[in-house]
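One structure below.
All of the numbers you see were taken from the coordinates with simple rules; none came from a lab. Bear in mind that the values here come from a model prediction, so they are computed numbers and not experimental data. Note that we place each Cβ from the backbone using ideal geometry, even for glycine, and neighbour counts take in every protein chain shown.
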Amino acid sequence: MGIPTKTFEELLVWQKAHKLVLSIYSSTMRFPKEELYGLVSQIRRSSISVAANIAEGYRKRTRVDKQRFLTIAHGSLEETRYYLILSRDLGYCDISKMMSLLEEISKLLTLYYRKIATV
C-alpha cells in the first residue's frame with residue numbers, strides 16, 4: 001500500500017473485489033431461474049458496488065471523499081456477505097471460497113481506509 005499507483009486497477013483491494021464479482025457471476029449462473037430478478041440481481045449488484053466504489057473513490061481529491069466511498073464499499077461488502085449466507089442456506093451454492101475472499105477484501109478495505117486517514 002505504500003507504493004503509489006496510477007490507476008485503481010493496481011490496487012490489491014480492487015483486484016480482489018473484482019475477482020469476487022467474477023466468482024459471484026459464475027456461481028449465480030446456476031441459481032434457479034425464479035431467482036434471476038431476486039437474489040441473483042441483488043447479490044450481483046451489491047458485489048459490483050464494492051469494486052465500483054473502490055474505483056470511484058480512487059480519484060476523489062479529498063481524504064474525506066475517498067473515505068466515504070470506501071465506507072460505502074464496506075457496506076456493500078456486508079450486504080454481499082448476507083446474500084452469500086442466504087444463497088448457502090437456500091442450498092444454491094457453496095460459498096466457502098467466496099467468503100474467504102470476502103474476508104480478505106474486508107481486511108484490505110480497513111487497511112486502505114486507515115492508510116488514507118494517515119496521509
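Compared with the dominant principal axis of the Cα atoms in the chain, helix 12-28 is inclined by about 10°. Restricting attention to region 8-118, the count of lysine pairs at 8 or more positions apart or across chains with alpha carbons under 21 Å apart stands at 12. Orientation-averaged projection of region 33-89 equals 3.9 nm² [convex hull of Cα atoms, one quarter of hull surface area]. Shown here is the pair-distance distribution of the chain: with all Cα-Cα distances grouped in 10 Å bins from zero up to the longest one, the shares run 14, 47, 26, 11, 2 percent.
Exposed loop sites here mean trypsin sites (Lys or Arg not before Pro) with a DSSP loop assignment and at most 11 other beta-carbon atoms within 10 Å; the chain contains its longest site-free run at 62-119. Calculated mean residue ellipticity at 222 nm for the chain: -25500 deg cm²/dmol, from DSSP H runs with n ≥ 4 weighted as -39500 (n - 2.57), summed, divided by the residue count and rounded to 500. Between 0 and 90 degrees, rounded to the nearest ten: what's the tilt of helix 63-89 against the longest Cα principal axis of the chain? Helix 63-89 sits roughly 20 degrees off the main axis of the chain.
The phi-based Karplus calculation (6.51 cos²θ - 1.76 cosθ + 1.60; θ = phi - 60°) puts the 3J(HN,Hα) values of region 94-110 at 8, 9, 4, 5, 5, 5, 4, 5, 4, 4, 5, 4, 4, 5, 5, 4, 4 Hz, whole numbers, x for Gly and Pro.
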